Amino acid sequence: MDTYKNDLQVLSARQLLSRRRAAAARLGDVERVLAGSLAEQTRRCGKPGCRCAAGEPHGPYAYFTPRAAGRGRLRYVPAALTGVVRRYLRNGAQIVQALAEISAINAELLARRELS
Ligand SMILES: [Zn+2]
């Protein structure tokens, strides 16, 4: 990542290794991750005479969309689980960020022929 590159070039190898260790420590719980997004939507049930027909829709309800182009798209998330899903998403984003930083550090070490 170019954003890291300029920062990293001014660091000593020792500083790079220290920063790499700190990034690795941020990996944390690699089991509790989700890649995707959580969005809220309102719904109309279609029953005549319901308040939603008069423009007051049900919800909002939470839906998870996985990032990978895999099976399924929107997946309903019960209210009791939205906090857990948000935590998994945050954790996943943090891990992706930490891995990108580690990789950028290693690329810099490689450029110096100091990768081992
Ligand atoms: Zn309704």
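Accessible area per residue, 1.4 Å probe, Å², for the chain: what's the number?
72
Compute the helix-to-body angle for 13-25: its Cα long axis versus the longest principal axis of the chain, expressed 0 to 90° and rounded to tens.
The helix 13-25 is inclined about 30 degrees to the chain.
What is the dipole size for the chain, taken about its Cα centre, with +1 at each Lys and Arg Cβ and -1 at each Asp and Glu Cβ, in debye to the nearest 20?
Here the size comes out at about 340 debye.
For the charge dipole of the chain, defined by +1 on Lys and Arg C-beta atoms and -1 on Asp and Glu C-beta atoms about the Cα centroid, which residue among ALA13, LEU115, GLY59 has the Cα displaced farthest towards the positive pole?
GLY59
Please return the longest stretch of the chain lacking exposed loop sites, where GluC sites (Glu not before Pro) count only if DSSP places them in a loop and at most 13 other Cβ atoms lie within 10 Å.
Between exposed loop sites, the widest span is 32-113.
Tell me, what % of the accessible area of the chain is carbon and sulfur with a 1.4 angstrom probe?
Its accessible area is 53 percent carbon and sulfur atoms.
State, to one decimal in nm, how far the label point of ALA13 lies from the label point of ARG86, with both points 7 Å from Cα in the Cβ direction.
Distance between the two pseudo-spin positions: 4.6 nm.
Of the chain, which part is the longest with no trypsin sites (Lys or Arg not before Pro) in a loop (DSSP not H, G, I, E, B) and with at most 15 other C-beta atoms within 10 angstrom?
The segment 74-111 is the longest one with no such site.
Please work out the FRET efficiency for the pair ARG51 and TYR76, using the Cβ-Cβ distance as r and a Förster radius of 22 Å; give the result to the nearest 0.05.
E(calc), rounded to 0.05, equals 0.60.
The values are calculated or read from the model by the stated rules, or taken from the named source; none is laboratory data. The structure displayed is predicted, hence computed values, not measured ones. Cβ atoms come from the backbone with ideal geometry, glycine included; neighbour counts cover every protein chain shown. SASA here: full protein model, heavy atoms, side chains in, ligands and nucleic acids out. Shrake-Rupley method; radii C 1.70, N 1.55, O 1.52, S 1.80 Å.
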